[in-house]
Amino acid sequence: MKITVKRDTIVSSLDIVSRAIPSRSYLPINQMMMLEIIGDRCYIYAKNPEYQVKGFIRVNSDDDHGFKFCVPGHLFYNTIKLLTSEEVMISTTEKDEKFTTTISVPGKRKKYKMPGVDPEEFFPLTIDKENMDKVKIHGESFIEGIKKCIGIANSNDIRRSLSGISIRKEGGTIEISSGTQMCCCTVGIGSDENVPEMILMRGTTSVLESLPVPNQIQVGMFENKAVINTGQFMIISSVVDEKYPNFKQIRDATLQQDKSMVINKEDLIGAMRRIQLYSSKESKVMKITITEGSVSISAENKALSTSANEEIEVESNNLSTFSAGFDASLISRALAKIESENVTVHMKNDKSPMFIIDNEETGAVKQEWMISAISLN
């Protein structure tokens, strides 16, 4: 039983699917990929305790009845990736309950053999598509929202709800959120679809970030598992069985005060990078002083007897004079994700969080950041 496939085609699929293979496992089956051949369709599976990734490609098969086989995932992927041929041939045999897969290049004396396991031991996750709660949303906006939120969640946070990415419906917007009590990013996607509420695992979102961007993406829930389907790839993931903190009340209380300022992003980034050199390496606290028409950014390191201060002109609205402390690295992280020339910053008082809002929507994506204040005492 064998298949022939374009090398670039299978490599691009393996690159995504292989991300689900755990780096270490006591069970050999967990290091395996399963390939299932049905006619000219090849489905590639890999999984770990948190999620499964399934990819789909077209192949030429010599077996009309279909077959499946398991291969050592990383070895299989890396072997094909390092070949330079246009096509590869993959064959599988079983003798005395021993499974062998061979990779070869048509017309060349190149063969690479590897042992496998019984594919009946793989047990891929399955879903009932007909009875699944699902919606279709704009694929590019969804993937863009995931990318904006990647890397903010704290994997070590004891609150599991803050270790992943939240997806939920809020009015006419699908909100994708990730963060901690100190820093949170929310990306809004305009949509009338009633997306199921879920918190995706961190590993799942790293796979989503690498997906080819589809026109539409199907998001659903089945038996307490998130299902994300692009047509070419399907991810079935466990979800965090907790509620994501509702920062909406804090946001509304701050934004309703209509106390804001518009700042040139590059001016703010430049000032912060320079001032950050003078902050304490332990606390990273930067003092921001608000006055009518300007914002002052300062820091000091008492241990080294160093200090710095810069003032930036802003367009302010209803702001009273006050000073507040913030972690400079968190503000820098937010600004690095924002693409617009200017940002709007909302601050109510010295104890309320700072809200940084992207002044330009990227397609249907609207981005907001909440950064908590730090005591200056």
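The values are calculated or read from the model by the stated rules, or taken from the named source; none is laboratory data. Since the model is a prediction, treat every value here as computed from it, not as a measurement. Reconstructed Cβ throughout: ideal geometry from the backbone, glycine too, with neighbour counts over all protein chains shown.
Brief remarks on what is shown
- Enumerated strands (runs of 3 or more DSSP E) restricted to the range 185-264, each holding at least 1 residues that are surrounded by fewer than 21 Cβ atoms within 10 Å (Cβ to Cβ) and assigned by TED's automatic domain parsing to the domain that holds LYS148: 216-222, 225-229, 233-238
- Being assigned by TED's automatic domain parsing to the domain that holds PRO115, touching an Asp or Glu at 6+ places or on another chain (Cβ under 8 Å) and more than 18 Å from PRO22 (Cα to Cα) is a description that does not apply to GLU36.
- Residues (assigned to a strand (DSSP E or B), touching a Gly at 6+ places or on another chain (Cβ under 9 Å) and polar (S, T, N, Q)) located in the range 29-79: SER61
- Among the residues of the range 253-268, the one identified as within 28 Å of the chain's Cα centre (by Cα) and of a type in the set (Lys, Arg) is LYS265.
- Any chance SER298 is free of Cβ contacts under 8 Å to residues at least 60 places away in the same chain, of a type outside the set (Asp, Glu) and surrounded by fewer than 21 Cβ atoms within 10 Å (Cβ to Cβ): yes
- Residue selected from the range 102-151 under the condition among the aliphatic types (A, V, I, L, M) and more than 30 Å from LEU330 (Cβ to Cβ), by the criterion surrounded by the fewest Cβ atoms within 10 Å (Cβ to Cβ): MET114
- Restricting the range 324-336 to residues that are farther than 14 Å from ALA373 by Cβ and at pLDDT below 85 leaves a set whose member that is nearest to the chain's Cα centre (by Cα) is ARG333.
- Pairing residues of the range 321-348 that are in contact (Cβ under 8 Å) with a residue 60 or more places away in the chain with residues that are part of a strand (DSSP E or B) and hydroxyl-bearing (Ser, Thr, Tyr), at Cβ distances under 8 Å and at least 6 apart in sequence or on separate chains, gives THR344/SER260; VAL345/SER260; HIS346/SER260; MET347/SER260.
- Matching residues, the range 74-131, being in contact (Cβ under 8 Å) with a residue 60 or more places away in the chain, among the charged types (D, E, K, R) and closer than 27 Å to PRO22 by Cα: LYS81, GLU121, ASP128
- Residue satisfying all of: in the range 80-100; of a type in the set (Asp, Glu) and not in a strand (DSSP E or B); modelled with the highest pLDDT among these: GLU86
- Search result, residues across the range 278-323 that are in a loop (DSSP other than H, G, I, E, B) and in contact with a strand residue (DSSP E or B) (Cβ under 7 Å, 6 or more places away or on another chain): TYR278, SER279, SER280, LYS284, GLU292, GLY293, VAL314, LEU319, THR321
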